[in-house]
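The values are calculated or read from the model by the stated rules, or taken from the named source; none is laboratory data. Nothing here was measured: the structure is a model prediction, and the numbers come from that model. Cβ placement follows ideal geometry from the backbone for every residue including glycine, while neighbour counts extend to all protein chains displayed. Side chains included, ligands, DNA and RNA excluded: accessible areas come from the protein's heavy atoms. Shrake-Rupley method; radii C 1.70, N 1.55, O 1.52, S 1.80 Å.
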Amino acid sequence: MLLVTHAGQVVLSPGADSGATLKKVSGLAPYVSRILNQPATSLQFPHGEGQLFVNSRQIPALGWVIVVLQQNDPSKAALLSILAQNLLIALAVSAVVLLLAASSSSAEPIAPPTLSCGVTTYQHGETLKELLLRADQVLYTAKRGGRDRVVCLEAEAPLLGRIDPKPSTAA
């Protein structure tokens, strides 16, 4: 998401360098006039190996334009497929554990479940192996931090530059 002046200067964006303009955003140069001069714009065009979706709205009270960019990258389809498979496996294992616990003759209470997560973002152009390695690293950082922990690591911003990867933890 970008906040842009009517002159095309990027005011607010994750990873934007000072002096960034809408024309410098990869693939947007031919559409800048349309984005800045129309009250609302929806665009879709080929970008890299996928599609870039652009939606914009003018905010007259501030003199800004809000621009939302979303890259549809074919490699993300593989990630979503792996995620869906892993979620199904986790649900199946959970169901089996609950059935075994319910049929157990032992009167011992079952410990409440805990969850540790490592979360990161996809960097445009990186391999699946690189993404999974980074996600695995933050997962183990969360596990070392204790139970019921989520550790997030923001990776590179896909269109405007680099965000410093600073792990943050939330209990």
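Given the criteria hydrophobic (A, V, I, L, M, F, W, C) and open to solvent by less than 80 Å² (accessible area, probe 1.4 Å), does ALA92 qualify? Spelling it out, ALA92 is indeed hydrophobic (A, V, I, L, M, F, W, C) and open to solvent by less than 80 Å² (accessible area, probe 1.4 Å). Residue count for region 95-124 satisfying the condition of being in a loop (DSSP other than H, G, I, E, B), over 14 Å from the mean Cα position of the chain (by Cα) and at pLDDT below 80: 10. Residues considered: VAL65, VAL32, VAL54, VAL10. Of these, the only one that is within 20 Å of THR121 (Cα to Cα), aliphatic (A, V, I, L, M) and modelled with pLDDT of 85 or more is VAL54. Within region 29-64, the set of residues being touching a Pro at 6+ places or on another chain (Cβ under 9 Å) and part of a loop (DSSP other than H, G, I, E, B) comprises PRO39, GLU49, PRO60. SER42 meets all of the listed conditions (1) touching a residue at least 24 places away in the same chain (Cβ under 8 Å); (2) open to solvent by 70 Å² or more (accessible area, probe 1.4 Å); (3) under 22 Å from the mean Cα position of the chain (by Cα) but one, namely (1). Selection over region 125-146 of residues that are assigned to a loop (DSSP other than H, G, I, E, B) and open to solvent by 40 Å² or more (accessible area, probe 1.4 Å) gives a count of 2. Residues that are in contact with a Gly (Cβ under 7 Å, 6 or more places away or on another chain) and free of Cβ contacts under 8 Å to residues at least 40 places away in the same chain were ranked within region 50-89; the one that is surrounded by the most Cβ atoms within 10 Å (Cβ to Cβ) is LEU52. Criterion applied to LEU153, LEU160 was being open to solvent by less than 90 Å² (accessible area, probe 1.4 Å), touching a helix residue (DSSP H, G or I) at 6+ places or on another chain (Cβ under 6 Å) and modelled with pLDDT under 85, and the one residue passing it is LEU153. Residue check: is SER26 of a type in the set (Ser, Thr, Tyr) and not in a strand (DSSP E or B)? Yes; evaluated as a whole, the condition is true for this residue.
When residues in region 8-23 are screened for being assigned to a loop (DSSP other than H, G, I, E, B) and within 15 Å of ILE66 (Cβ to Cβ), 4 of them pass.
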